[in-house]
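For reference, the structure discussed in these notes is given below.
The values are calculated or read from the model by the stated rules, or taken from the named source; none is laboratory data. Everything quoted here is computed from the prediction, not taken from an experiment. With ideal geometry, Cβ positions are generated from the backbone for all residues, glycine too; neighbour counts draw on all protein chains shown. The accessibility values were calculated without ligands, DNA or RNA, using every heavy atom of the protein model including side chains. Shrake-Rupley method; radii C 1.70, N 1.55, O 1.52, S 1.80 Å.
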Amino acid sequence: ADDSGDEEPASQSDKSELHGPLKTLSSKLEDLSTCNDLIAKHGTALQRSLSELENLRLPAESGEKIKAVNERATLFRITSNAMINACRDFLDLAESHSRKWQRLLQHEREQRIRLEETIEQLAKQHNSLERACRGAPGLASATTSISSAAKGTVQSAKGEASDEDEETEYFDAMEDAPAFITVTADPKHHRRSGSNLSGASEGHPEDWNLEDSVFESSNQSSYNESMCKDLLPKKRRRTRIPDKPNYSLNLWSIMKNCIGKELSKIPMPVNFNEPLSMLQRLTEDLEYHELLDKAVKCESSTEQMCFVAAFSVSSYSTTVHRTAKPFNPLLGETYELDRLEELGFRSLCEQVSHHPPAAAHHVYSRRGWTLWQEITIASKFRGKYLSIMPLGAIHLEFHSSGNHYVWRKVTSTVHNIIVGKLWIDQSGEIEIVNHKSKDKCQLKFTPYSYFSRDVPRKVTGVVSDADGKAHYVMSGTWDEKMECSKILHSSHGSTSTEGKQKTVYQTLSPKVLWRKYPLPENAENMYFFSDLALTLNEPEERVAPTDSRLRPDQRLMESGRWDEANVEKQRLEEKQRAVRRRREAEAVEALEEGEDYEGYIPLWFERKVDAVTGELICVYKGGYWEAKEKQDWSMCPDIF
């Protein structure tokens with residue numbers, strides 16, 4: 001009764017909206033009919049007068065002119081009648097279609113109400129299930145959510161049937177791996193003989209050493225202690241940058257600059273940017289480098305894989321609020337981050353190609369690891385959202401063990417490009433492979449869904465050895481933390497509705513490998529930069545003249561002088577186009593003379609075929625840090 005009462009005014013307003021234009025059309029048609037009658041009346045009188053003139057004895061020439069006027073008056077009356085008839089037909093058509101529009105609107109209204117009721121019902125069920133979970137004793141230790149389909153497929157750690165256990169959820173894993181369920185066991189009460197779970201993947205609880213395990217040192221508190229003792233900074237870094245100006249974006253000013261220009265020459269204002277280059281954003285992946293420092297200490301390759309997996313996820317934590325676009329690096333632009341004395345590593349990036357844009361990255365750590373990659377960004381605009389697909393493999397090698405890990409990044413999606421508040425999601429799968437031991441980790445980034453019961457930004461995965469035996473379950477979110485659970489037993493559960501075999505993993509309590517650092521105070525006014533990001537564009541001495549810190553438009557934007565930054569950005573882009581045109585002319589000239597033209601050659605990197613992946617990749621060839629020591633930058637191009 002309440003619904004019908006609420007619905008009646010809406011339908012009345014819809015009817016009034018439909019009948020209003022029809023009434024206006026009817027009144028206009030009546031006006032036209034009146035005009036038609038007047039035209040017909042006066043037209044008849046005009047023809048009568050003209051006929052009388054024809055009957056008079058006038059010169060032949062005058063009679064022909066009067067006859068022509070009479071014919072034109074007749075044509076005018078016929079045209080007016082045709083116009084009135086067309087207007088009448090249009091009104092009839094509008095009246096017939098109004099009933100159809102009304103039925104369509106009524107159908108859409110009913111569908112909307114039905115959807116709202118369904119969502120409200122689902123929300124109530126979700127809340128009641130959460131209350132039931134919190135109120136039920138003994139269920140807090142399980143690692144996943146509710147699913148009645150799990151009944152009868154899992155045995156408890158004590159060997160008793162858990163038919164009433166509703167704290168288990170099926171979720172899809174990777175396409176190549178079956179879906180799995182995890183149930184937390186208590187190692188103190190674990191009885192291998194009492195469990196009917198198969199021993200396909202067995203582990204010993206005592207291996208999960210609470211005092212000596214490397215995993216234990218990955219807790220945030222112990223990491224903070226180690227930071228205080230071991231990683232005392234040698235130089236005081238800045239902790240803030242000027243607040244972001246509150247400039248309104250004038251779309252007309254952008255469109256005005258686009259008139260008559262080629263698409264590639266349209267200057268995009270810095271309003272869409274953040275004061276960091278893509279090379280600096282790439283370096284920002286090292287924010288949680290201590291995960292790799294801990295991985296060096298792991299004796300087991302599968303245990304080491306867990307830290308590498310957590311590191312691969314941690315690189316996305318800075319993107320959750322960062323909807324602004326980094327500056328596109330100029331060809332030959334570089335960026336160094338020398339933290340060898342403070343944090344044990346030094347990093348170098350170089351823009352090695354402009355079309356397509358590609359950046360090479362090399363990181364050396366004196367704590368026992370080296371990372372390198374070449375990333376090319378491909379993007380597709382799909383109307384309401386923009387998909388950003390990083391292409392290229394990331395390589396990580398540990399010096400002492402020789403373990404060589406390779407993985408690729410997932411797809412980033414920027415939503416509400418046209419209308420609404422921008423937000424970013426990560427989706428897809430990462431396969432991390434240790435090419436020495438053949439261990440693998442499959443990670444799945446679950447895309448956001450309004451109707452999903454899953455935690456937003458969820459990441460799940462399994463670490464397995466060369467024989468396919470699962471050792472650890474990875475779980476968490478890419479914007480907050482990643483946990484690792486050691487597998488005690490695994491067994492095959494029931495088959496899902498999609499026909500996939502489900503695997504049941506009985507695990508020990510999860511351990512937190514990585515947790516995101518809190519953002520600094522006032523971060524919302526500083527482009528949501530993290531503590532590391534605030535220091536990336538801090539001016540430093542002795543860097544190469546091609547370093548991103550010396551880029552003038554980026555520096556002006558950081559200082560809040562956006563109008564000057566736009567002018568400088570346009571100047572740099574035009575300078576780069578002139579250099580490209582000169583290279584194209586040189587290439588044509590070389591072709592005409594029958595000579596080979598090498599094109600742009602990166603300064604600090606060289607292209608080689610990777611022995612592991614077989615791909616052509618830019619790798620660091622050396623010389624940069626030696627040139628910095630000597631302060632010999634004579635080979636650097638003038639790009640700024």
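At a 1.4 Å probe radius, carbon and sulfur cover how many percent of the accessible area of the range 239-626?
53
Volume per residue, Å³, of the convex hull around the alpha-carbon atoms of the range 239-626?
It is 186 Å³ per residue.
Once ligands and nucleic acids are excluded and a 1.4 Å probe is used, how much of residue 389 is accessible, expressed in Å² to the nearest 10?
50
So what's the gap between the Cα centers of the range 509-551 and the range 552-606, to the nearest angstrom?
What the calculation gives is 27 Å, centre to centre.
Out of the GluC sites (Glu not before Pro) in the range 299-384, which ones are loop residues according to DSSP with at most 14 other C-beta atoms within 10 Å?
Those that pass, being in a loop and sparsely packed, are 299, 341, 342.
What FRET efficiency comes out for the pair residue 608/residue 324, r = Cβ-Cβ distance, R0 = 22 Å, nearest 0.05? Mind showing how you got there, number by number?
Numbers: r = 35 Å, r/R0 = 1.58.
Here the calculated transfer efficiency is 0.05.
Past 21 Å, Cα to Cα: identify those pairs from 325/421; 569/628; 294/440; 297/458, in the order given.
569/628; 297/458
Simple spin-label model, 7 Å along Cα-to-Cβ: residue 124 to residue 586 in nm?
7.4
Apply the a/c threshold of 1.5 to the C-alpha gyration tensor of the range 303-436 and tell me whether it is rounded, prolate or oblate. Before the final figure, lay out each step's value.
On the way: a/c = 2.00, a/b = 1.52, b/c = 1.31.
Verdict is prolate for the range 303-436.
Leaving out ligands and nucleic acids, and using a 1.4 Å probe, what accessible area per residue does the range 239-626 come to in Å²?
45
Long-range amide H contacts for residue 610: which residues qualify at under 5 Å (H placed 1.01 Å from N, peptide plane, sequence gap of 5 or more or a different chain)?
Answer set, sorted by chain and number: 615, 616, 617.
Just to confirm my numbers, what's the Cα centroid distance between the range 30-70 and the range 376-401 in Å?
If we compute the Cα centre of each part, the gap is 81 Å.
Accessible area, 1.4 Å probe, largest first: how do 621, 41, 569 sort?
Sorted descending by solvent-accessible area, the residues read 41, 621, 569.
When the solvent-accessible surface of protein heavy atoms is calculated with a 1.4 angstrom probe, in what order do 66, 119 fall, highest first?
Working: 66 25, 119 50 Å².
In descending accessible area the options line up as 119, 66.
Kindly list the residues of the range 406-433 that lie in the label zone of residue 448, defined by a backbone N under 16 Å from the point 7 Å along the Cα-to-C-beta vector.
It comes to 411-428, nothing else.
Can you sort 505, 624 by solvent-accessible area, 1.4 Å probe, largest first? Walk me through the numbers on the way to the answer.
Numbers: 505 25, 624 0 Å².
The residues order as 505, 624, largest area first.
Would you pull out the residues with amide H under 5 Å of residue 547's amide H, same chain only if 5 or more places away, H placed 1.01 Å from N?
Under 5 Å from the amide H of residue 547 lie the amide H atoms of 334, each far enough along the sequence or on another chain.
With a ≥ b ≥ c taken as the square roots of the eigenvalues of the C-alpha gyration tensor of the range 579-640, please select rounded if a/c is under 1.5 and otherwise prolate if a/b is larger than b/c or oblate if it is not?
oblate
Which chymotrypsin sites (Phe, Trp or Tyr not before Pro) in the range 36-131 pass both tests, a DSSP loop state and at most 16 other beta-carbon atoms within 10 Å?
Within the range 36-131, no chymotrypsin sites (Phe, Trp or Tyr not before Pro) qualify (loop, at most 16 other Cβ atoms within 10 Å).
Test of understanding: what is the full-extension gain from residue 115 to residue 65, defined as 0.36 nm times their sequence separation minus their Cα-Cα distance?
Using 0.36 nm per residue and subtracting the Cα-Cα distance, I get 10.7 nm.
If you stretched the chain out fully between residue 297 and residue 379, how much longer would it get, using 0.36 nm times the residue separation minus the C-alpha to C-alpha distance?
Answer, rounded to one decimal: 25.7 nm.
Within the accessible area of the range 29-86, what % is carbon and sulfur when the probe is 1.4 Å and the other protein chains stay in place?
C and S atoms contribute 59 percent here.
Taking amide H positions as placed in the peptide plane 1.01 Å from N, state which residues far from residue 527 in sequence (5 or more) or on other chains have amide H under 5 Å from it.
Here the answer is 244, since their amide H atoms fall under 5 Å of that of residue 527.
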